[in-house]
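See structure below.
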There are 6 protein chains.
Amino acid sequence: MSTINPPAHPEADPRVKAVFDDIRATRRSDFVNQLWHALAFDPALLESTWAEVKRVMATPSTLDPLTKEMVYIAVSVANACSYCVHSHTAAARAKGMSDAQHAELMTVIALAAKTNHLANALQVPVDAVFDAGR
Amino acid sequence: MSTINPPAHPEADPRVKAVFDDIRATRRSDFVNQLWHALAFDPALLESTWAEVKRVMATPSTLDPLTKEMVYIAVSVANACSYCVHSHTAAARAKGMSDAQHAELMTVIALAAKTNHLANALQVPVDAVFDAGR
Amino acid sequence: MSTINPPAHPEADPRVKAVFDDIRATRRSDFVNQLWHALAFDPALLESTWAEVKRVMATPSTLDPLTKEMVYIAVSVANACSYCVHSHTAAARAKGMSDAQHAELMTVIALAAKTNHLANALQVPVDAVFDAGR
Amino acid sequence: MSTINPPAHPEADPRVKAVFDDIRATRRSDFVNQLWHALAFDPALLESTWAEVKRVMATPSTLDPLTKEMVYIAVSVANACSYCVHSHTAAARAKGMSDAQHAELMTVIALAAKTNHLANALQVPVDAVFDAGR
Amino acid sequence: MSTINPPAHPEADPRVKAVFDDIRATRRSDFVNQLWHALAFDPALLESTWAEVKRVMATPSTLDPLTKEMVYIAVSVANACSYCVHSHTAAARAKGMSDAQHAELMTVIALAAKTNHLANALQVPVDAVFDAGR
Amino acid sequence: MSTINPPAHPEADPRVKAVFDDIRATRRSDFVNQLWHALAFDPALLESTWAEVKRVMATPSTLDPLTKEMVYIAVSVANACSYCVHSHTAAARAKGMSDAQHAELMTVIALAAKTNHLANALQVPVDAVFDAGR
């Protein structure tokens, strides 16, 4: 099920085809996953979303690609996005995440969730020493 | 403000003192932040929480300490835990996170939040290829 | 699947029948969706929920019906309620939401999610000028 | 700070006065907390909100008053509502919640948050035996 | 679907078998639900998670077992954990939750969610009287 | 407090100055709110965030400006972003939102939150008729 009707032949639209081609080239794979097919119902939204994903996740930067995928998974778990947890766990594995690292990632996420709820239940004021501002 | 009244002299309780001593020894710092003072209202909760934080965050493992802090920040941001975002950003900086890495961490968190909401709005079914199960 | 067992013949209960009749009359449709069948396990909960939905969503007011549906979708996406995203996207379409408006709604939701996470990561104090209070 | 300007003399409006009087009578206290002063900017919203709070929280029912307050706190913590966590923790204490019960409530909330995140990370399919539906 | 591949013969690992045996003994049932099969991919994570669940949920304490399950459901609903809502609703029913109590639990959760969003929309400052701190 | 140290003289950096100038020109106001000062610690993040906000929120489109602000508020409330609720409520007022519309916006948000939690508690399967997909 989905809330939009993805175009039956998305690549008939040259703007969609250009994005799909770039996805395939960037990932060195023929596979274009469902999220992009769904976003193809609006080429502008597809273009801007892919451009940002490519710029942030597929461009060398100060954080290594696997760390970025693990941060992505962490946010997706907390936001309860089933699709994103699945797709980014697959991506993390493709970038070398081992079973041990996956288990540890879950351990950190679970601990953070636990103390997030404890701190929000306690409503503790933030220590002044944590202020990075002026 | 807080929802509990932290004990005025927490270390008068030997169980609390043992935890605070271990926090100071583990972090090589005299500073014990407010969350632990607040949790001291229940020594058992204090002990179990600190034991887990120490085991997960302060024990060498397959993920490096800074990566774990960044995952922790990501979950805390998504769960809107102000205290946790402050304390773990300070911890990440203490473990060497640069301004550039901090900016990039925020960029990844922001992108993940964006696509989490897009995927949850589209309600796209998960691609079969992402299933890691049997 | 569901966590309750919806009554097999909900309209055998006159309180349930009265609500279902009002749903059909209000919507000018014979269709009563699953949420109401599920809520029928407790007639009082069914009555109070429908009364509020009818009062807020199906009564002319200062916000037009489509705007209200789009706000409803926005909250449902952020709260990760799959059922609600589906049902209220269908309702918005029935009230005239075009594909272009749907794409733009998603764009605004996605941007809001992004800056929500940025602001929660930065923990910026609120500007005094935004205070509407005395 | 707040996003609305609460009326300076809310009880000059007889609809507001009637609600405030009922809050004081129901709680046997002269104190009307800030949330109601804020909601007084719209008497209809004030009336419907208080009517529901009174009906659900201040009417004898199958769940005892303290259990209802603890459930309320649990939801408020997960939704990161600082105001609600404060006000309902105060209410739970007024209804007899001991320090030990408070600590245990936090322990259950923290564990639930932890396994919520684990299950959402694992994306485990729901066991058929948990289905209460037909 | 799931993000990990659960071991085909989990109890071939003695650490997993010990946990599964303890789950069966504690619950007096032969059934071990999918979450534990999934966690078996990492015996240490399985052990620590079960130990905490057993200690918090299956040990007599100041809160009765059904109250703890209802608090667990409340957090799981707010965190949108489908698996947890299903499994803990089944657990609450096994511990005696009636249909009337279930309906009332949902009523309280729904009201809390409503006022959480109202208070977060109003951004009302917390009344000083709610501060339990020094 | 904040997690970063905003630059003391942000407009000494020409990239920051260009963004701040564009914010002032777009809003026809001399005021640049704290979020942008904070984001100025990383000019690239500042530039990309403002470019997106300007494109989505300050460019004529199929949704009117006030509707977009109300959707933005709805997401921000559900994500518990205090800063965003304040800044976008102020923006909505500047674009003409009346007290009556504000009250109604809160009423819709509160109702959506309520039914989101009900549907997530009931775990009702989505009606096939809501599927917009092929």
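Report the Cα centroid-to-centroid distance between region F:1-73 and region A:26-74 in angstrom, as an integer. Measuring centre to centre over Cα atoms gives 24 Å. The sum of -39500 (n - 2.57) across all DSSP H runs of n ≥ 4, divided by the residue count of chain F, sets its helix-only mean residue ellipticity at 222 nm to -21000 deg cm²/dmol. Inter-chain neighbour count for B:63-70: the average number of beta-carbon atoms from partner chains within 10 Å of each residue's beta-carbon is 5.
Among B:SER87, E:SER98, a tally of other beta-carbon atoms within 10 Å of each Cβ gives an order, fewest to most, of E:SER98, B:SER87. Once you list every other residue whose beta carbon is under 10 Å from the beta carbon of F:LYS68, what net charge do they have if Lys and Arg are +1 and Asp and Glu are -1? The answer is -2. Viscosity 0.692 mPa s, temperature 37 °C: Stokes-Einstein D of chain C from its Kirkwood Cα radius, in µm² per second? D, rounded to a whole number, is 188 µm²/s.
If you take all other residues with their beta carbon under 15 Å from the beta carbon of A:THR107, and give Lys and Arg +1 and Asp and Glu -1, the sum is -3.
Around C:ALA91, what is the net charge, scoring Lys/Arg as +1 and Asp/Glu as -1 over all other residues with Cβ under 11 Å from its Cβ? Before the final figure, lay out each step's value.
Working: positive: C:ARG27, C:LYS68, C:ARG93, C:LYS95; negative: C:GLU69.
Once all neighbours under 11 Å are counted, the net charge is +3.
Taking the Cα atoms of the protein assembly as shown, the ratio Rg/Rh between the radius of gyration and the Kirkwood radius comes to 0.94.
Below 8 Å, C-alpha to C-alpha, sequence gap of six or more: please give me the relative contact order for chain A in percent.
Details: 68 pairs, mean separation 21.4, N = 134.
Over chain A, the number comes to 16 percent.
Quick note: the coordinates plus some simple rules give every number you see, no bench work behind them. From a predicted model like this one, the values you see are computed outputs, not experimental measurements. Cβ coordinates were reconstructed from backbone atoms using ideal geometry, including for glycine residues, and neighbour counts include every protein chain displayed.
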